[in-house]
Amino acid sequence: MSWKMVTRLVSLRVPTGTGKTLSLICATMTWLREQKAKGDDSVVDDDSDDDPDWVKESYSKMTNTKRHDAGVAYEKHLDELHKSSRPKVLKEHTFPNRKKLKSVTVELDKEQDDQFLLDDYHSDDESSAVTQLDRNSELALEIKSLMKKINGVKRDDGDLLDQATKIIFSSRTHSQLNQFSSQLSLPKFPSTYPDHSERLKYLPLGSRKQLCINDEVSKIKDITLLNETCLELHKPDATKKCPFYPSSKNEDLQELSFEFRDSLFAEVHDIEDLPQMGEKLHICPYYSVRKGIGYSEVMTLPYQLLLSKNSRDALGISVKGAIVVIDEAHNLLDTITSMNSVSVMVQEFELCVESLKKYLSRFTRRLNGGNRINLMKLIKIMNLILKSVNSTEKITPGKPIDVTDMLQGTTGDLLNIHKLDKYFTVSKLPYKLESYMSKEDRHRTPILFKIVEFLKVMSNPSREGKFFYDVKANGVSLNYMLLDPSDAFKDIVLESKCVILAGGTMEPIEDYYNYLFPYIDTQRIKKFTCGHIIPKENLEVFLVEGSDGYDFEFSFEKRNDTKMVVELGKSILGLIEKIPAGVVLFLPSYKYLSQVIETWKKSGIYDSIDKLKKVYTESSSTNVLDDYSTTISSGKGALLLSVVGGRLSEGINFSDNLARAVMLIGLPYPNAFSGEIISKRKFIEDQVMERTNDKRQAMEATRDFYENICMRAVNQSVGRSIRHRHDYATIYLFDKRYRKTSIQNKLSDWIKQRVSHGMSLKEIIKATDSFFLNKK
Ligand code: SF4
């Protein structure tokens, strides 16, 4: 596969098992090395425009020679590291401070409450308040300043080896990123240097949760609290320090973090190797890995780090001129929306008020005036919010919240969330309060971080966002949701050289064009779709009806029909008799899954199915995958009952015997009455009306949006089987709505092309039998 990296946007739809990742690696890396060899990555002096051409030429030549020499020298150094049976960085004698460092431990559980005391707060004078940008970037700037300090001690590396152009690969889950890194070492790439080979400089970036090696910190379950705790330990005035943090004041640690980088580049390492390398070197992998950002050619990072500008800035990652590959891109719209949205339950506000009062009464005499006033303001704001909720008549899902109205009747000062936000940063209230409360109740989930986020958006809501109520099983929530994700992704599109959205099951693709890149002419988006690598006879897709032509329809209104559920069980029984090994069956929700099981048990069908294939049931809390796999490995058949959008519907590889068949029951539309869907549909309707003033078009657009969410989930779930070129399976779709052309058009091409039409249950059972007989 090859294409010119001049196109800004590429959408790549390639089914799993067809070599998508490897093709992306080969195409992008080969291009990158070619550019480097041409000297396109050379250091350019921005002020040199007025210089004569011969000066520019000789400067460029000189720089390229220097880069070449430095590059080859560095490659030789990496070769040495690689050759060594015990790499230099891992030898004991290189760690003069190891013993000393090992004896230092962080005592976070020290039985003293002083650690929970707020930092003194003296002024919330408007003139000294931070700007909005600063407020949003507070944590980012803090990390940035720490990173500056880390990089303060400059080893003699220069910037000659810095790569201006990089490949940034991002995916949603760690397992997907690991899969990428496992394929990186398979191909051999051309070297930039004609006279020396070149190693692939790959950098896996991850979160503190993944990389922290300080036992006292890494055991903290809540990610925000874990991050805050780490940051706390680096403050100049911190009484306890993390011994692994590569402080700028400690040259030995600085040196170790450079050695960490070099040993990382000596061969391709998985992110899971990093904590071990950090432990051996006694250096924090989370911070040290960033020493390699300049030199790296390929970086992997989770969506959260790539999609947040603050995080990118804090880590010193620039997308300028980079090739950004976003894998499993079907998640992109949802991820951007959820990263920019916040939801707080009413009872969480109540709990937070209670906690603040408790904290205030415990420390009131030891807090200065600024702290006491602001704590009381915060309690007052939350009480006002609660009062407004309690006085609101008929709260329904999607009901808009008027935040100005919510805080009405108060003084302007109280409403100044801008000042409060500054206060949160200076006093570190969220961190201190949550640490104190979790000491009191170890099972408590931190909530103030979330509430602070909510208050921040209250003070500065985006034009593209909306506040609304939602009513859930456990109560009422107050929500803010970003309705238009295009702005949040724009800087990546405009700054990078090329953005590649890749995925196995990205259909229906139109949502990306309409909602992610509405400002880009679709002609400028290069689309590439390829069929499945398997031969046609390795997959068959059936639209199933019940015996005697019983029509299945598992819509929300009709799915409770007991007769239909029993009929479904009978059809499944007939089919699984002919299917070998494992069958994975997807239902629309956990609730419906329990309902189906109950009905089958009552009717005796469950036992009959269980006799033919051992039944395993996914639940939201347990993972049955190991037991299911063990039964199949032992040569027995098994049926796995799962949920669309549940833990097994994405990122799990049901190859070969693990899924000789996938069955999908119904169409998994999201809850049309949830506040989120109501708000989003209304937003789309308003947008289309504004553009076209055509009610019919507006209704069509909202229907499409709703249907597309459902069909993306269908494609994801059925795409769990067929994971390589020799794999084979059958797919069964149980619902008469799958017969609609509009629905079939939204199936992935490789599924749609194989749908068999107009077959009775008997014919499908027969066809299933001969399909698997032919595979023996
Ligand atoms: S510096 Fe590193 S090891 Fe220390 S607490 Fe922070 S993430 Fe953990």
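The values are calculated or read from the model by the stated rules, or taken from the named source; none is laboratory data. Note that the structure is predicted; figures quoted are calculated from it, not measured. Counting neighbours? That spans all protein chains shown, and the Cβs are built from the backbone with ideal geometry, glycine included. To get the accessible areas, we keep the full protein, side chains included, count just its heavy atoms, and leave off ligands, DNA and RNA. Shrake-Rupley method; radii C 1.70, N 1.55, O 1.52, S 1.80 Å.
Summary table
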| read-out | value |
| --- | --- |
| Binned Cα-Cα distances of region 695-776, short to long, each 5 Å bin given as a whole percent | 3, 11, 20, 21, 18, 12, 7, 4, 3, 1, 0, 0 |
| Portion, in percent, of the accessible area of region 536-773 that falls on carbon or sulfur, probe 1.4 Å | 49 |
| For region 536-773: span of alpha carbons on each principal axis (Å, largest first) | 61, 38, 37 |
| Cα-only radius of gyration and Dmax that characterise region 433-506, units Å | 18.2, 51 |
| Solvent exposure of region 155-251 as accessible area per residue, Å², 1.4 Å probe | 46 |
| Region 713-776 and region 605-648: distance between their alpha carbon centers, rounded to Å | 20 |
| Using alpha carbons only: equivalent-ellipsoid semi-axes of region 342-482, gyration tensor based, whole Å | 25, 18, 14 |
| Prolate/oblate/rounded call for region 310-356, Cα gyration tensor, a/c under 1.5 rounded | oblate |
| When each of 201/536; 56/320; 166/527 is checked by Cα-Cα distance, pairs over 29 Å | 201/536 |
| Accessible-area value, residue 629, 1.4 Å probe, nucleic acids and ligands omitted, Å² | 30 |
| Whole-number accessible area per residue in Å² for region 342-482, which is evaluated in the context of all protein chains at 1.4 Å | 45 |
| For residue 758, net neighbour charge (Lys/Arg +1, Asp/Glu -1) across residues whose Cβ lies under 15 Å away | +2 |
| Globularity ratio of region 496-607, using Cα Rg and 2.2 N^0.38 Å | 1.56 |
| Region 342-482, accessible surface, carbon-and-sulfur percent (1.4 angstrom probe) | 51 |
| Gyration tensor verdict on region 252-363 (Cα atoms; rounded if a/c is under 1.5, prolate if a/b is larger than b/c, oblate otherwise) | oblate |
| Most to least accessible of 262, 441 (protein chains only, probe 1.4 Å) | 441, 262 |
| Shape metrics for region 520-576, restricted to C-alpha atoms - Rg then Dmax, Å | 19.2, 52 |
| Segments 684-691, 360-367 sorted - mean Cβ within 10 Å per residue, highest first | 684-691, 360-367 |
| Rounded if a/c under 1.5, otherwise prolate or oblate - region 325-403, Cα gyration tensor axes | oblate |
